[in-house]
Structures are given as structure tokens and as C-alpha cells.
1. Which order do peptides 51-57, 16-22 fall in by mean Cβ count within 10 Å, highest first?
2. All other residues with a Cβ under 11 Å from the Cβ of Arg25 taken together, and with Lys, Arg as +1 and Asp, Glu as -1, what is their net charge?
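Every number here is computed from the coordinates shown, using simple stated rules; none is lab data. Computed from a predicted structure; not experimentally measured. Note: ideal-geometry Cβ built from the backbone for every residue, glycine included; neighbour counts use all protein chains shown.
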Amino acid sequence: MNATGTRRGRDGKSYPVRPLTRQERGAAIRLSHRLVCEQGMSIRAAQQVMAEEHGIRRSRGTIAADLADYECALCADRTPGQLDT
């Protein structure tokens, strides 16, 4: 998946040039789930891997929300405190 590029907002933060398509967002959610749930990375580490290796820039809050919205068998066995930020 390609990075969509970023632009600097009035508040000084970086924002995507365009929103992710439904397919791109789904791929980003699956990737974050694989990194955090299956490979045991922290959300912060997954964010770094997504940016450096896959060109996907996602906030830690967005990654956490994506993980909270989907539960697999591995996620069901974990308590909420086990996902580090």
C-alpha cells in the first residue's frame, strides 16, 4: 500500500492529502491487527513499522480504535490493558 502523502495543517500537524479509500483503510486495519495482535507489538511499535516499512501513517489513537472495533480469537483472550500505547 502506498502512502497517500501528507500536508501540514494550520495547527502544524501532518494530515493526509486525501482520505484513505475503503480498501486502503481495510488493509491498514488488517495490518495493524496483524502487527499488534498476532505479532505482539505495542501500538507504538506497530505505528512505526506501518510508517517505515509500509508507508502508512496512522495515529496511535486510530490504531487503538481500529483494534477495539474488531475482535479475533487472540483478542478475546486479552484484557484491554494488554494493548500498550
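1. On the way: 51-57: 14.1, 16-22: 11.0.
The densest-packed peptide leads the list: 51-57, 16-22.
2. Values: positive: Arg22, Arg30, Arg58; negative: Glu24, Asp66.
Taking every Cβ under 11 Å from that of Arg25, the sum is +1.
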